[in-house]
Structure formats: C-alpha cells, structure tokens
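Participant: Right, I'll just put the structure down here and ask away after.
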Amino acid sequence: MMLPLQGAQMLQMLEKYLRTSLPAALKVYGTVFHMNHGNPFNLKALVDKWPDFNTVVVCPQEQDMTDDLDHYTNTYQIYSKDPQNCQEFLGSPELINWKQHLQIQSSQPSLNEAIQNLAAIKSFRVKHTQCILYMPFDVAKKLAPFLLESKNISSSGVEIKTFNQEMFQLSSMDVTHADLVNKFWYFGGNERSQRFIERCIRTFPSSCVLGPEGTPVSWNLMDQTGEMRMAATLPEYRQQGLVSYMVYIHSQKLGKLGFPTYSHVDYKNESMQRMSYKQRHIPIPRSWNQWNCVPL
C-alpha cells in the first residue's frame, strides 16, 4: 500500500526523520529538503506507512513521466530502514513503472539485492553504478558530526589556489551552456540528458569560470537531490586549479543558502579524490548508488 505525503507538515516531519538517518538517507533527505523549499522539480513522496514508515520513495508526478525512454526524468530516490524486506513495496506497479527506462538513486548499497531480485521478476536489465559519496566538512559537521570522529581530516581552513583574474572570471551557468556540459557529463551526451541539464541550470544555483572568450571553461551544477554534479573543465584548461577553485566557491555559496550539499567521485578518478581531500570533503565509500533499469 502506498501513502502519498501531502501538505507541508508531513513533508517537514519526513525531512526531520530522514536527518536522523544520515548518511544512509542522504539522497532522499536532499531531495525532500528541496521539496520543502518550493519543490522546483514537482516531486512527490510516498511511504509504505505513516508516521512509522519503513521505506520512502521520492519521484516525479505521474503526468511528468510521459516519455518511457527518459530515465533522467523517470528517477526514483529511495531510502529504507529495512532494505532486505522492501522488495514487495518497491515491486508495486502503482509505485514504480517498471515498463519504463528508469533510474533508482540511493545512499544505500544494501538495496542492490532487492533491485536485482525485482529485475528477474519484472524482466528488466539493470546496471549498478557505485561511487564514493563526499560531504563537505561543514555539512557533515552540521548534519552528521559522527562522521568526523573516524576521519583524519584537519579542521583548519582550506587553502585554494586563486586563478588569473585577468584571464578568467567567476560566473554562473546560462541555459545556453547546457550543450557544453552535456558533452563532458559521463552520464550525458544525448538529447534527454541535455533537457535535464537545462532544467537544472534554470532551477538551481550554478557556478562556472569563464575563459578569455567569455564562455565556460570549468563548471559545477546542482540537481534536484541537492547533489553538486557534472563538474568538469575543458581539457586545454586543466591542471590550473580551476575546478578546485570553482567547486570550493560553489560549495560555499550553497552552504550559505543552507543547502545540504554533497557530491560523488568515481573510484578511478584519483585527481578528483585528491581535490576532495584537500577541500576537507568527507569520503563515504560505496554510498553513492545508481541503478539504471531497462525493460527487456
């Protein structure tokens, strides 16, 4: 049985509950946070019961998921207190349309068993992507201070190399820059991903460094889950500290707005891991998970 949470009071209660379950609930917590601040992506939250829920799923409204091939829109954020026993709830056709191309995002790798079981039952192919989840030091200190206890990360200030201000200028992204971002985004490169990027640029704060020609050479965006994503630098401008400076500035900007920001880094991307360490971002291995599901 699905229970939609309607009204500001129920969503605020959900956000409060999820905050006590960080970092496992981070993907859902970040999404619900933005739902409580205007709900710019027009999302809905569903639980198996209330108020003592076991599983919560956040997804777009049904009328927004009309393109069966658009897994960027057909995205579900999931948190479960009992991931080993949430398969029946997740398998409900009224909850998730398993006939669509879709993706599931969660900070819980333990959901993999239930999703793989559903793949066999519902007849879809699933690709599981797992990365390192990073929380900025200040965000972790505020939301999940226990994460700092076992991490050997200094509490001293971050030293960021400044760039040549005569050659580069700090700015924000414009929707006309979406094509550039789409070319370098690992999960992008198609028309549907470009529409998603355009929506993120229109909706949320962004940061970029403009080069001598007045176009972005390094950038960072945020999505509907509160995650800083799609950061990249043009190849000819790398090794100059631009992405490090830009990510730091963007993180500071979002922090002042009170956003629960975080990011992910691929296990093979050692340069971004080093940058995250220098910026005092707290690593949480295996805690960024995405399942891309395609019906057979």
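The values are calculated or read from the model by the stated rules, or taken from the named source; none is laboratory data. Given the structure is predicted, the values throughout are model-derived calculations rather than measurements. Heads up, the Cβs are rebuilt from the backbone with ideal geometry, glycines too, and the neighbour counts pull from every protein chain shown. Accessible surface is based on the protein model in full, side chains and every heavy atom, while ligands, DNA and RNA are left aside. Shrake-Rupley method; radii C 1.70, N 1.55, O 1.52, S 1.80 Å.
Participant: For region 264-285, enumerate the residues that are surrounded by 15 or more Cβ atoms within 10 Å (Cβ to Cβ) and part of a helix (DSSP H, G or I).
Facilitator: M272, Q273, M275, S276
Participant: Filter region 213-238 down to residues that are in contact with a His (Cβ under 9 Å, 6 or more places away or on another chain) and without any contact (Cβ under 8 Å) to a residue 60 or more places away in the chain, then give me how many there are.
Facilitator: Residues flagged as in contact with a His (Cβ under 9 Å, 6 or more places away or on another chain) and without any contact (Cβ under 8 Å) to a residue 60 or more places away in the chain within region 213-238 amount to 9.
Participant: Go through (1) open to solvent by 40 Å² or more (accessible area, probe 1.4 Å); (2) within 15 Å of M230 (Cα to Cα); (3) touching a residue at least 24 places away in the same chain (Cβ under 8 Å) one by one and return the number of the condition W288 breaks.
Facilitator: (1)
Participant: Got a sec? Which helices (runs of 4 or more DSSP H) wholly within region 44-163 have at least 2 residues that are within 19 Å of the chain's Cα centre (by Cα) and surrounded by 19 or more Cβ atoms within 10 Å (Cβ to Cβ)?
Facilitator: 137-143
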